[in-house]
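Let me begin by presenting the structure, written as structure tokens, before commenting on it.
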Amino acid sequence: SVARDGNPAHVVPAFDVPLDWVLYGSVDYGFATSSPDSKPFVYGLYASDTLGHIYRIDEIAAANWDPVDQVTAIREVESRYPTRPRYRVGCPSMFIRKTEHGPTIAEEYARGGIPVIQPNTDRVNGWARCILWLKQAPDGLPWFMSFDRCTQFNRQVPSLPVDASRQDDIDRDAEDHCAEEWRHLLMSRPQPASIAPVKVPRYSAAGILAAARAERGD
């Protein structure tokens, strides 16, 4: 798939995921929302191919779902695929104990059969990792691509605003749930093998958005 400007597109038509691809999941937990359009709970399902590319292959986005609803939906999505994720990354709020004796959200997920691991929360290095994955691989495709059915992610990430006071970060007040779980997932993986390590902040949040918007001709 090629964008209008000739660059390889990051959004590609969905296809059947081969059996030898490894799956990974990522959750940005949320419940209530002040906007009818906001989806504070997001689950992204990813697949790594044999050449090192990562694809976002499926997603869930919802509001006002409790942990049981979320776990049920995740299990339903994952059941569509012949293999289960090697692991799933949670967001930081899932590991905070709300009361002295009550379970964390991560513990409630685990009870429902969806265990999650803690994320690397480094935002600046995380966004730098994201832009590396948007770069072109030796085969001409981007290292990271998203299936066209992942409409929430494909809409949200290119439209995110940069933090006005810190150009290497995304505006924390924006609807960034997809971007957050995407960053957490990519921070759980090694960076693309053919790209040398980069000292942050060589790549900024503005660069991430520019790369994501390129295929739209913005």
A student asked for the Cα radius of gyration and Dmax of the stretch 15-97 in angstrom ought to give 13.8, 42
Once label points are set 7 Å from the Cα along Cα→Cβ at both Asp66 and Val124, what is their separation, rounded to one decimal in nm?
4.2 nm
Give the separation of the Cα centroids, the stretch 96-137 to the stretch 25-85, in Å.
12 Å
What number results when the radius of gyration of the stretch 55-138, computed over Cα atoms, is divided by 2.2 N^0.38 Å?
1.29
From the Cα gyration tensor of the stretch 48-192, with a ≥ b ≥ c the square roots of its eigenvalues, which class applies: rounded if a/c is under 1.5, or else prolate if a/b is larger than b/c, or else oblate?
oblate
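Computed from the coordinates by the stated procedures, all read-outs in this text should not be read as laboratory data. This one's a predicted model, so the numbers in the text were calculated from it and none came from an experiment. Using ideal geometry, Cβ is built from the backbone for each residue, glycine included, and neighbour counts are taken over all protein chains shown.
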